[in-house]
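This report refers to the structure that appears directly beneath it.
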Amino acid sequence: MSYWRLCLILSAIIACASAQEATTEVQDECAAEINYEYNMSLRVGALFIIFGVFAPIIMHRISPYDKGSSRDWMLTMGKFFGTGVILATAFVHMLPEALDNFGSPCLDAGWQTYGAFAGVFCMISSFALQLLELAAVSNIERIRAKKAAENMSLDLEKTQQSSASLETSSTDTTAGNSPIEQQQTTTVCADHGHDHVHSAGLFEEEEAFKHIGTLILELGIVMHSIIVGITLANTGNGEFITLLIALVFHQFFEGVALGTRINDMNITGWKRPALMGILFIIMTPIGCAIGIGIHSSFNPNSSSSILASAILDSLSAGILLYNAYISLMSQEINQNAEFRQAPFLRKFICFVSMYCGAGLMALLGKWA
């Protein structure tokens, strides 16, 4: 009997020790990492290293170029390369990171009971973007319909005025025409005005889709860039150089992707494209600056830090996936009559560029 009591006591002691050891391991894993060798100059230098978005914008605007020219080929390849980059960024860089963070033992138990939070937040952002895009396009259509009605009334008024002036100035000509002929003349003028407004409205609607898609794309990239900057600033010296080199290429590729899409907005001036480019390139340095400012008190293993990073990565992934599949791959390739009718060589190069962008971004996932 004493033997069994001894076994039970030993088992209880071992169980308690194991539980205490497991708790200690979790606590150690969630404890703040003290970075004794924090090289401030390297991190300040990183604020000014990460650029890339202005290359395609400048190439597009320095001087006019013809379709089929070398510059046109470079920009087209860059655009499809960027599509692959955006898709791989969501699948390789954001979603896996979000899944990993949502599975962290440092989170509260409630977050660990359901293993698909990353997919849920990704789906929420995609649905939200669809509603946002629908609301924006519906508003544009209402404005277009209002303008069309105003233009139609102006056209009819001008037609009636011109008909009245013709009647007073040329009585013989007016007398020779029947009322049906006069009505046909008025109808033809009105129909011409309606067709003009309709075609202009379709062009405006297509441009509006491009503007909305590009703004959505920038939103997703900017959210991710802030997280990237904070992570970079709080990475230890042993891994910092490797991560910085990888992120330079990472941000450059994203900059090329965004820059080529800004070109597609067909904005004549420099001001708005420049502001959109500047907004992108300053986000990672801003994240770095925030990381530098809080590095002494920042704990990347805390529950709040991990949860915030996981949610933002999931939302950003949903934004980029929606944009890549709906705005870029579907509208630019499948539903684009010009692309479908393009020569085989042009389509082949475009697809290869897209696959190269996705492949290189996936490769960077090993380090960043």
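The values are calculated or read from the model by the stated rules, or taken from the named source; none is laboratory data. Nothing here was measured: the structure is a model prediction, and the numbers come from that model. Every residue, glycine among them, receives a Cβ derived from its backbone with ideal geometry; neighbour counts consider all protein chains shown.
Conditions first: (1) free of Cβ contacts under 8 Å to residues at least 24 places away in the same chain; (2) under 24 Å from Asn101 (Cα atoms); (3) among the aliphatic types (A, V, I, L, M). Ala337 passes all but one, so which condition is the exception? Failed condition: (2). Residues that are hydrophobic (A, V, I, L, M, F, W, C), exposed (fewer than 13 other Cβ atoms within 10 Å of the Cβ) and at pLDDT below 90 within the range 335-352 comprise just one, Ala337. Looking only at residues in the range 215-234 that are of a type in the set (S, T, N, Q) and buried (at least 22 other Cβ atoms within 10 Å of the Cβ), the one that is nearest to Ile306 (Cα to Cα) is Asn234.
With the requirement that a residue be touching a residue at least 24 places away in the same chain (Cβ under 8 Å) and over 19 Å from the mean Cα position of the chain (by Cα), what does the range 67-98 give you? The one that is touching a residue at least 24 places away in the same chain (Cβ under 8 Å) and over 19 Å from the mean Cα position of the chain (by Cα): Trp73.
Does Glu332 qualify as being surrounded by 17 or more Cβ atoms within 10 Å (Cβ to Cβ), within 26 Å of Ile227 (Cα to Cα) and not aliphatic (A, V, I, L, M)?
Values: surrounded by 17 or more Cβ atoms within 10 Å (Cβ to Cβ): yes; within 26 Å of Ile227 (Cα to Cα): no; not aliphatic (A, V, I, L, M): yes.
In short, no.
Could you tell me whether the range 263-277 includes any residue that is within 22 Å of Thr76 (Cβ to Cβ), charged (D, E, K, R), in contact with a Lys or Arg (Cβ under 8 Å, 6 or more places away or on another chain) and at pLDDT 75 or above? Taking every residue of the range 263-277 in turn, none turns out to be within 22 Å of Thr76 (Cβ to Cβ), charged (D, E, K, R), in contact with a Lys or Arg (Cβ under 8 Å, 6 or more places away or on another chain) and at pLDDT 75 or above. Out of the residues in the range 222-274 that are without any contact (Cβ under 8 Å) to a residue 60 or more places away in the chain and farther than 19 Å from Pro300 by Cα, which is nearest to the chain's Cα centre (by Cα)? Out of the qualifying residues, it is Met265.
Candidates Ile241, Ile326, Ile278: the one that is out of contact with any Cys (no Cβ under 8 Å at 6 or more places or on another chain) and surrounded by 16 or more Cβ atoms within 10 Å (Cβ to Cβ) is Ile326.
Here Ile326 fits the description: under 13 Å from the mean Cα position of the chain (by Cα), of a type in the set (Val, Ile, Thr) and over 25 Å from Phe102 (Cβ atoms).
Against the conditions (1) over 30 Å from Gly115 (Cα atoms); (2) under 19 Å from the mean Cα position of the chain (by Cα); (3) buried (at least 16 other Cβ atoms within 10 Å of the Cβ), Ile311 satisfies every one except (1).
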